[in-house]
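Throughout, read-outs are computed from the coordinates displayed, never taken from laboratory work. Computed from a prediction, not measured in an experiment: that's the story for all the values here. Backbone-built Cβ (ideal geometry, glycine too); neighbour counts: all protein chains shown.
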Amino acid sequence: KSTMGLSQNQIKLFAAAAMALDHIGMELLPQWTILRIIGRLAFPVFSYCICEGSRRTHHPWRYLLRLFGMGLLCVAGYYAYTRTIYGNILITFSLSLCVLYAFQYLQTCWAQNKIAVRLAGVGVMLGCMGGIWIICDWIVIDYGFYGVMLPLFAELPACIWEKYSGAGDKRDWIRLCGFSVGLLVLSLQIGGIQIFSLLAIPFLVAYNGTRGEKNLKQFFYWFYPVHLLLIGLVSMCI
């Protein structure tokens with residue numbers, strides 16, 4: 001990895017700022033469409049970082065439970081405020097992690113030359129995707145089923161490239177190309193200003209694969225619920 005370009009901390013700070021502007025535009029300044037457009041850049045960056053985190057974490061289930069726990073906290077807060085259940089972006093990313101872990105399990109099973117083991121891997125993968133489809137149909141999940149599957153668009157082509165080309169040097173570029181295709185599909189499926197989410201791709205191209213000097217993990221976990229709480233309080237005051 002190169003020291004040139006942007007670290008993961010830097011692109012996530014950019015995405016956090018874009019997310020804050022998006023929610024300010026949604027709750028406080030709905031007439032300022034530019035804020036919602038800027039906000040479209042947040043989801044792709046965080047989604048790509050979820051893809052990175054699923055491969056690099058040393059504690060995958062702890063990672064998932066921490067993310068899901070924060071998501072449930074926000075679900076409870078939103079329900080207390082609106083009396084409706086809404087699957088926020090942390091729930092979306094938790095489901096994305098489930099898909100990525102199921103795909104990793106499928107890869108492990110497929111590496112064994114046993115039909116029963118391979119079928120078990122396929123069954124887990126299809127079961128996970130089917131379960132998520134039902135969840136997205138049952139309750140509102142931020143960005144829907146295609147949003148949950150977006151990180152898989154990055155991992156699947158990278159896996160195929162490495163397996164059949166025998167070269168891993170271009171894997172990151174293949175991953176980014178697949179992610180870009182998935183982001184385009186998601187943008188066309190949602191429509192409207194979501195197409196501006198494609199402007200996040202240059203920031204991902206500039207990502208140098210490093211985390212950054214500081215460990216900002218806790219900051220990013222708490223940023224989502226805290227900034228929503230602050231915006232909600234301001235909205236109630238005015």
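Could you give the angle, 0 to 90 degrees to the nearest 10, between helix 42-56's Cα long axis and the longest principal axis of the Cα atoms of the chain?
Once rounded, one gets 40 degrees.
So what is the relative contact order for the chain, in percent, with contacts set as C-alpha pairs under 8 Å and at least six apart?
30
In debye, nearest 20: dipole of the chain around its Cα centre with unit charges on the Cβ of K, R (+) and D, E (-)?
540
Between beta-carbons, use under 11 Å as the cut-off and find the net charge around Leu90, counting Lys and Arg +1, Asp and Glu -1.
Neighbour charge sum, excluding Leu90 itself: 0.
Can you give the Kirkwood hydrodynamic radius for the chain, in Å, rounded to one decimal and based on Cα pairs?
18.8
Where does the chain land at 222 nm, in deg cm²/dmol rounded to the nearest 500, when only DSSP H runs of n ≥ 4 count, each adding -39500 (n - 2.57), divided by all residues?
Using -39500 (n - 2.57) per qualifying helix, the result is -25500 deg cm²/dmol.
Quick one: the Cα spread of the range 158-238 along its three principal axes, in angstroms, biggest first?
Principal-axis extents of the range 158-238 (Cα, largest first): 59, 37, 19 Å.
Quantify how much of the Cα-Cα distance distribution of the range 9-150 extends past 24 Å, in percent.
Across the range 9-150, Cα pairs with separations above 24 Å total 39 percent.
Subtracting the Cα-Cα distance from 0.36 nm times the residue separation, let me have the gained length for Ile195 to Leu233 in nm, one decimal.
10.6 nm
Which of the listed residues, Phe68, Ala15, Val140, is farthest toward the dipole's positive end in the chain, when Lys, Arg count +1 and Asp, Glu count -1 at the beta-carbon?
The listed residue farthest towards the positive side: Phe68.
Distance between the C-alpha centers of the range 17-43 and the range 70-89? Whole Å please.
Computed from Cα coordinates, the inter-centre distance equals 20 Å.
Evaluate the charge dipole of the range 1-112 about its Cα centre and quote only its size in Debye, nearest 20, assuming +1 on the Cβ of each Lys and Arg and -1 on the Cβ of each Asp and Glu.
Roughly 220 debye, rounded to the nearest 20.
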